Amino acid sequence: MQRWLAKYLDPELLASLAARRREPLASAAGNLAGMHRSNNSGFALEFVSHRPYAPGDDTRYLDWRVYYRRQRYLVKQYRLETNTTCHLVLDASGSMAVGTGGEQKLAYAARLAATLAWWMVQRGDKVSLAACDRDVRVWLPPAGGPAHVLNLCALLEQISASGPTDAAACFTALAPRFGRRATILYFGDLLGDLPSLAPAIQRLRFDEHTVALFQILHRWERHFEIDGQVRFAGLEGEPAIDCAASDVRQAYLAALAAHQQELAGMCARLQVEHVVAETSRPASQILARVLDHKGV
């Protein structure tokens, strides 16, 4: 167990995140007292504004200073601090096998997910884990606490990259398990069919979930740093292709640019966070910028 924690959780990275209090991507809504600001106003911890007194309001919350100055009865409103539930969804299809060592896409995505899980449970949140190809292969229901993160890391150790991708089908299958509004973080290369993905994400947004897509790409995929005669192996059942890298470089980069533009447009339209995470970059750099609400 400790070996798995060491593999997925970097102590220096955790220490750098320990002092952060901000939500990862959006204000959270939950049902227990915790560390996040709620979208719902009520009588609790942080003052928000005044509103006119109405018959039946608790007189303890009248602002008497305002009354003495303005001769008006105003009630003080506060913002509740709550916890949230975060669902981590990991693409475990064959295309996530690209790369080696710590720069393999699945390994990199797993480290990001485990680190965010640790960060959230430290703040009283609940976290779930799903791993998918075109079906949901792994489901760990949401829970909190250090022991849950340990179980999550143990599950990550068992996940391998295989099978075809269908993120839309997985979101559709998982939607009933997500319950009430929550934060959904997806980790995958997002190189599949976007027209089918958009309606699945739109349903999550309709259910008032906050959604963020971490697009995990290897530098080979992003910059086509390949030369000479190459065999491109199909990782999701496609036939292998033999060709000279120079013959397809321009066409590949043009197709990737068009895909990325379509993906960015979809995310903007659906109000979804889109984070491009290249596996050659330190995970600390990706997470610091996301937690500071700056994107990547």
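The numbers here are math on the coordinates, done by the rules we state, and not lab data. Remember, it's a predicted structure, so these values are computed and weren't measured experimentally. Quick reminder, even Gly has a Cβ in these numbers, built from the backbone with ideal geometry, and neighbours come from all protein chains shown.
Less than 5 angstrom separates the built amide H of Val89 from those of Ala130, Leu185, Tyr186, Phe187, all sequence-distant by 5 or more or on a different chain. The calculated Kirkwood hydrodynamic radius for segment 141-296 is 17.8 Å, given to one decimal from all distinct C-alpha pairs. The string of couplings for segment 218-226 from the Karplus curve (6.51, -1.76, 1.60, θ = phi - 60°) is 7, 4, 4, 6, 7, 10, 6, 7, 9 Hz, one whole number per residue in order, with x for Gly and Pro.
Close amide H contacts of Val138 (hydrogens built in the peptide plane, cut-off under 5 Å, sequence separation of 5 or more or a different chain): Ala131.
By other beta-carbon atoms within 10 Å, ranking Lys105, Lys76 with the fewest at the front produces Lys76, Lys105.
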